[in-house]
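Participant: This is the structure I want to talk about, given as structure tokens.
The values are calculated or read from the model by the stated rules, or taken from the named source; none is laboratory data. Remember, it's a predicted structure, so these values are computed and weren't measured experimentally. Cβ placement follows ideal geometry from the backbone for every residue including glycine, while neighbour counts extend to all protein chains displayed.
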């Protein structure tokens with residue numbers, strides 16, 4: 001083009017005769033993925049809880065709630081599936097590294113950190129132009145090569161272990177289990193005024209505000225709340241004073257009644273009964289009741305504070321003009337925690353008592369290490385059986401909320417079965433990314449989950465095919481669900497392990513074992529679980545980790 005033509009072109013542009021393209025917001029949505037740590041199925045308003053969670057409730061009203069969403073029964077296996085879309089036995093978290101059995105050490109899939117067999121969601125999003133941000137719990141490896149910065153995050157502030165004090169004292173959770181924090185791959189210490197949920201939400205909000213609005217972003221907010229020790233800032237500590245004086249039996253009954261009102265449970269009689277290893281509330285002494293109800297007050301305050309911080313991040317999205325283009329997904333990583341800290345296999349006898357200021361007046365503050373125990377956890381997992389660690393429904397059924405562009409609001413919960421492995425393919429489809437079979441010059445496993453978009457868009461009522469099989473295993477406990485039927489082989493805290501058979505459509509509490517009545521169905525499902533175990537490389541531990549026959553019993 002000659003100089004004369006360039007002069008005319010400039011004049012046409014200056015005087016508006018030729019339109020200048022204006023860079024618009026990206027067609028691909030922003031993604032906010034929020035994970036609570038040990039929050040129960042009914043610990044929020046959308047599934048019948050009394051804890052004040054207005055921000056989660058508003059998300060649910062704007063989008064959809066999934067009533068049959070499955071995770072693993074503990075944190076790191078769930079997180080590995082969340083970020084890879086692949087069964088945890090195949091990507092390095094066959095078990096929690098803290099509780100690995102000698103016969104599992106060195107076995108592929110049991111490395112205790114994300115291995116090289118999978119590519120992660122943030123890696124693929126980052127490669128395609130997304131700004132990738134993470135604040136909170138990692139629990140997928142401690143070494144520098146296993147840091148979030150090595151798995152696709154542009155910015156990360158990560159607590160690398162599974163649990164820690166929620167305050168700036170960096171007190172150990174258990175002997176030799178000090179918290180480790182890294183900021184963009186560099187080890188750091190937290191400030192004195194640190195409180196976990198506040199800090200992670202503020203850090204993520206700052207990074208969101210610093211991201212150019214034209215660039216799509218993926219923000220991963222991984223709370224460490226309400227995992228024990230139960231800690232809250234002083235101005236939150238009395239928010240639920242006296243709320244739980246009636247005890248956990250009453251709370252579970254109240255929440256079950258609310259589930260019936262919401263249409264999430266057909267009849268209160270279908271709920272699992274209180275298991276015999278948990279003492280009824282009226283069998284506790286008055287002092288035990290006061291102490292126990294105080295722990296639940298702290299737990300509820302932690303959940304409300306978490307919700308408050310969800311609201312802060314949402315406000316940031318609104319302020320930055322991103323809210324309407326952001327898909328927001330909220331899950332808990334497993335069922336509510338029913339193990340007292342004193343019963344954790346990492347904790348020696350009397351260690352909590354000797355190393356904590358657990359006076360009633362100090363509970364929830366620095367130096368204390370309170371936890372709720374199974375009675376309150378079973379209120380959180382109502383109407384299901386048992387809680388975190390166990391692969392009964394109470395351990396692996398989690399709340400899932402999805403809201404944002406393209407997600408129609410639903411008055412009733414979605415009953416489609418879905419799993420934590422389905423989140424990655426859902427996000428990839430939204431971002432128009434195809435999961436590769438080779439990455440950085442080596443073969444990687446195919447994503448095993450399925451996109452939830454057809455359900456979210458109202459195009460289908462199922463995520464998976466009708467004959468889909470969902471296998472579970474952790475700490476030697478085994479289960480498989482196919483359709484309405486589920487088998488489980490759980491070393492329950494009050495008995496020995498044996499295969500049981502349940503019809504979840506009419507028995508969501510897993511109370512009526514049909515193994516003797518349906519032997520052919522039982523055997524067919526056991527064979528399906530064996531195929532699942534062979535396919536994923538499961539190695540059962542040499543001895544039970546929890547329950548009967550283990551070092552630590554689960555009791556109230």
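Participant: Quick check on this structure: which one of 501, 525, 514, 445 is assigned to a helix (DSSP H, G or I) and modelled with pLDDT of 95 or more?
Facilitator: That would be 525, the only listed residue that is assigned to a helix (DSSP H, G or I) and modelled with pLDDT of 95 or more.
Participant: Failed condition for residue 396, given (1) closer than 22 Å to residue 87 by Cα; (2) free of Cβ contacts under 8 Å to residues at least 24 places away in the same chain, with all others met?
Facilitator: Every condition holds for residue 396 apart from (2).
Conditions tested, residue by residue: (1) surrounded by fewer than 19 Cβ atoms within 10 Å (Cβ to Cβ); (2) part of a strand (DSSP E or B); (3) under 22 Å from the mean Cα position of the chain (by Cα).
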{"site": "406", "(1), (2), (3)": "yes, no, no"}
{"site": "409", "(1), (2), (3)": "yes, no, no"}
{"site": "416", "(1), (2), (3)": "no, no, yes"}
{"site": "421", "(1), (2), (3)": "no, no, yes"}
{"site": "424", "(1), (2), (3)": "no, no, yes"}
{"site": "429", "(1), (2), (3)": "yes, no, yes"}
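Participant: Could you check region 112-152 and list, in sequence order, the residues that are in a loop (DSSP other than H, G, I, E, B), crowded, with 19+ Cβ neighbours inside 10 Å and more than 21 Å from the chain's Cα centre (by Cα)?
Facilitator: 130 - this is the single residue of region 112-152 that is in a loop (DSSP other than H, G, I, E, B), crowded, with 19+ Cβ neighbours inside 10 Å and more than 21 Å from the chain's Cα centre (by Cα).
Participant: Can you find, within region 236-282, the residue that is nearest to the chain's Cα centre (by Cα) among those that are surrounded by fewer than 13 Cβ atoms within 10 Å (Cβ to Cβ), without any contact (Cβ under 8 Å) to a residue 40 or more places away in the chain and in a helix (DSSP H, G or I)?
Facilitator: 269
Participant: For region 320-359: of the residues being touching a helix residue (DSSP H, G or I) at 6+ places or on another chain (Cβ under 6 Å) and part of a helix (DSSP H, G or I), which is surrounded by the most Cβ atoms within 10 Å (Cβ to Cβ)?
Facilitator: The qualifying residue surrounded by the most Cβ atoms within 10 Å (Cβ to Cβ) is 341.
Participant: If you check every pair at least six apart or on different chains, which have Cβ atoms under 9 Å apart with a residue in region 434-446 that is touching a residue at least 12 places away in the same chain (Cβ under 8 Å) first and a residue that is surrounded by fewer than 11 Cβ atoms within 10 Å (Cβ to Cβ) and not in a loop (DSSP other than H, G, I, E, B) second?
Facilitator: Listed pairs, sorted by first residue: 444/438.
Participant: For the subset of region 153-164 comprising residues that are touching a strand residue (DSSP E or B) at 6+ places or on another chain (Cβ under 6 Å) and assigned to a loop (DSSP other than H, G, I, E, B), which member is surrounded by the fewest Cβ atoms within 10 Å (Cβ to Cβ)?
Facilitator: Filtering region 153-164 for residues that are touching a strand residue (DSSP E or B) at 6+ places or on another chain (Cβ under 6 Å) and assigned to a loop (DSSP other than H, G, I, E, B), the one surrounded by the fewest Cβ atoms within 10 Å (Cβ to Cβ) comes out as 154.
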